[in-house]
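The block underneath contains the structure these notes are about, expressed in structure tokens.
The values are calculated or read from the model by the stated rules, or taken from the named source; none is laboratory data. Everything numeric here is computed off the predicted structure, so don't read it as measured data. All Cβ positions, glycine included, derive from the backbone under ideal geometry; neighbour counts span all protein chains shown. For accessibility, only protein heavy atoms count, side chains too; no ligands or nucleic acids. Shrake-Rupley method; radii C 1.70, N 1.55, O 1.52, S 1.80 Å.
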Amino acid sequence: MSSWRLLNRTWCLWPSRPIAIIEMIGGSYVSASPHLSYKRFLDGLGKKGFAIHAWSYLPTLDHQAQANEAWKDLRKCREKLQSRISNQISVIRIGHSLGCKLHLLAPDRGRNCQSFVALSFNNYTAENSIPMFSEIGQRLGIDNEFRPSPNETIKLISQKYFQPKNLIIKFKEDNLDESQKLLISLKRRECEDFSHSLEINGDHLTPVSLGIRQKLLRKWSNNNSKQKSIEILVQKITDWCLKESRSQFIQN
């Protein structure tokens with residue numbers, strides 16, 4: 001197994017013969033070190049033969065600006081890897097929670113990837129995401145909403161996002177999930193759409209590593225159950241990505 005390396009703000013895991021590139025953007029406050037906060041999940045995908053590019057960030061109010069930054073950084077890593085192996089390989093984008101939104105707002109609107117996997121899509125307002133933020137913002141006279149806002153985000157997805165192949169994964173015990181809203185907005189598009197949803201066992205933090213979950217939830221999780229959930233998630237994503245790759249090969 002190869003080791004992680006940091007290129008600018010992107011943590012990279014490069015197998016000797018990658019079958020595809022996964023570009024990962026995680027959720028708020030767990031993505032400063034994604035190679036650690038999503039370690040089991042990303043290492044599991046790495047063992048399947050995927051090259052992993054996981055963007056590191058701290059959230060701001062300007063989600064569009066961060067989406068642009070992520071897209072540029074991930075593109076640089078993609079070009080570096082493809083130059084190294086002298087081959088053009090498929091790119092799959094994966095987002096978790098806020099990371100889904102950042103991928104969906106990418107400047108290329110999903111054109112330059114084979115497919116997109118959305119885990120626990122979340123598009124809350126700043127007030128719902130950050131307790132008392134709206135009140136504090138009003139008192140200080142500062143902007144107190146994300147850019148674009150949740151309503152603007154849904155509108156942009158329906159009108160500007162062009163990737164037809166999207167896998168929307170919802171976890172059964174996830175009270176923060178808004179995957180249905182995402183699926184509806186994708187189906188409203190005028191372009192051809194092959195999006196579909198999948199529900200599996202778990203909660204909003206299922207993709208996140210055990211140690212991070214303990215700190216956030218302040219309780220222990222069943223280690224064996226947690227590991228099994230991640231293994232199932234990795235296999236579901238792998239099967240879908242390979243199926244899409246074969247479909248693309250036949251079409252070409």
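Listing for the model above:
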read-out: Extension gain (nm, one decimal) between Ser158 and Cys191, 0.36 nm per residue minus Cα-Cα; value: 10.9 nm
read-out: Label-to-label distance, nm, for residues given as Asn128 and Lys243 (7 Å Cα→Cβ offset); value: 3.0
read-out: Over the chain: helical MRE at 222 nm, DSSP H runs n ≥ 4 each giving -39500 (n - 2.57), nearest 500; value: -13500 deg cm²/dmol
read-out: Shape call, region 32-128: gyration tensor on alpha carbons, a/c limit 1.5; value: prolate
read-out: Accessible-area composition of the chain, carbon plus sulfur, in percent [1.4 Å probe]; value: 49
read-out: With at most 14 other Cβ atoms within 10 Å, longest stretch of the chain clear of loop chymotrypsin sites (Phe, Trp or Tyr not before Pro) (DSSP); value: 30-161
read-out: R0 of 22 Å, Cβ-Cβ distance Asn8-Leu36: FRET efficiency to nearest 0.05; value: 0.80
read-out: The chain: relative contact order as a whole-number percent, Cα under 8 Å and 6+ apart; value: 18
read-out: Cut-off 19 Å, label 7 Å out along Cα→Cβ of Lys76, residues of region 83-116 by amide N; value: 83-85, 103, 106-108
read-out: Coordinate range along principal axes, alpha carbons of region 21-76, Å, largest first; value: 35, 23, 11
read-out: Heavy-atom surface of region 1-160, accessible at 1.4 Å and reported per residue (Å²); value: 44
